[in-house]
1. Could you work out [θ]222 nm for the chain from helices alone, using -39500 (n - 2.57) per DSSP H run of at least four and dividing by all its residues? Round to the nearest 500 deg cm²/dmol.
2. Lys and Arg at +1, Asp and Glu at -1: add these up for the other residues within a Cβ distance under 12 Å of Ala110 and post the number.
3. Name the shape class, rounded, prolate or oblate, that the alpha-carbon gyration tensor gives for segment 40-195, where a ≥ b ≥ c are the square roots of its eigenvalues, rounded holds for a/c under 1.5, and otherwise prolate holds if a/b is larger than b/c and oblate otherwise.
4. Where is the GNM fluctuation largest for the chain (alpha-carbon springs, 10 angstrom cutoff): Gly30, Gly111, Gly38?
5. I'd like the carbon and sulfur percentage of the solvent accessible area for segment 74-195, probe radius 1.4 Å, heavy atoms only, ligands and nucleic acids excluded.
6. Let a ≥ b ≥ c be the square roots of the eigenvalues of the Cα gyration tensor of segment 108-187; is it rounded (a/c under 1.5), or, if not, prolate (a/b larger than b/c) or oblate?
7. Leaving out ligands and nucleic acids, and using a 1.4 Å probe, what accessible area per residue does the chain come to in Å²?
8. In percent, what relative contact order does the chain have, based on Cα pairs under 8 Å that are 6 or more apart in sequence?
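The values are calculated or read from the model by the stated rules, or taken from the named source; none is laboratory data. Small disclaimer: the values here were computed from a predicted structure and weren't measured. Cβ coordinates were reconstructed from backbone atoms using ideal geometry, including for glycine residues, and neighbour counts include every protein chain displayed. The protein model used for the area step is the full one, side chains on, heavy atoms only, and it has no ligands, DNA or RNA in it. Shrake-Rupley method; radii C 1.70, N 1.55, O 1.52, S 1.80 Å.
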Amino acid sequence: MSGMPGSDDVRPASGVKLTYDDFLLFPDDGKRHELIDGEHYVTPSPNTRHQRISGRLHLLIGNWLEAHPVGQLFFAPFDVVFSNFDVVEPDLLYMSNARATEILTVKHVAGVPELVIEIASPGTRKRDETLKRRLYERTGVTEYWVVDPDLDAIRVYRRSTQGFDRPVELSAEAADVLTTPLLVNLEIPLARVFG
């Protein structure tokens, strides 16, 4: 594998697609390793603001799920194996109890969760909005949220019959409240997410 020192992306030099078996051999080095279409991507560990936002989202959704146990919420690092060539570690993911019985294994998720949440950083923003959005769209994810800590905003992609609809843009500045048909009556004020 090749990659420039400090590079965000590491890809196979030979053009050969890597598989889940290769993924299992990646080092446990505190970085996020992912495969998208057989290409290896490495992301440094998240910064403090990222962790705070992830924690708040986990708390807000998790507390709601405690009172309404309709599904399960997980946070990174936790592998989602879409195929032998597509393995990602979303910041947060949700699946209904019915879906969990189908795709949750002892080690990872082997299939498609209903909701995937990625918290963008300067090093991942482009990948989150292009490669990962296309991956989540083609695999059948119902909703994909891209959280932007720089703008205190969340871009929500929702599935329709043709794939993802145009994203809904929500912001803390506008005092927006995020709701989702996946978790009926859950309300997430963006001001609480971004603090």
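1. Details: 6 runs with 50 residues, N = 195.
Helix-only estimate at 222 nm: -7000 deg cm²/dmol.
2. Working: positive: Arg99, Lys107; negative: Asp79, Asp86, Glu102.
The answer is -1.
3. Numbers: a/c = 1.34, a/b = 1.13, b/c = 1.18.
Taking the square roots of the gyration eigenvalues as a ≥ b ≥ c, segment 40-195 is rounded.
4. Gly30
5. Working: 2990 of 5640 Å².
Its accessible area is 53 percent carbon and sulfur atoms.
6. On the way: a/c = 1.70, a/b = 1.17, b/c = 1.46.
In terms of gyration-tensor shape, oblate.
7. On the way: 10000 Å² over 195 residues.
Averaged over the residues of the chain, the accessible area is 51 Å².
8. Values: 351 pairs, mean separation 27.6, N = 195.
Worked out over the chain, it gives 14 percent.
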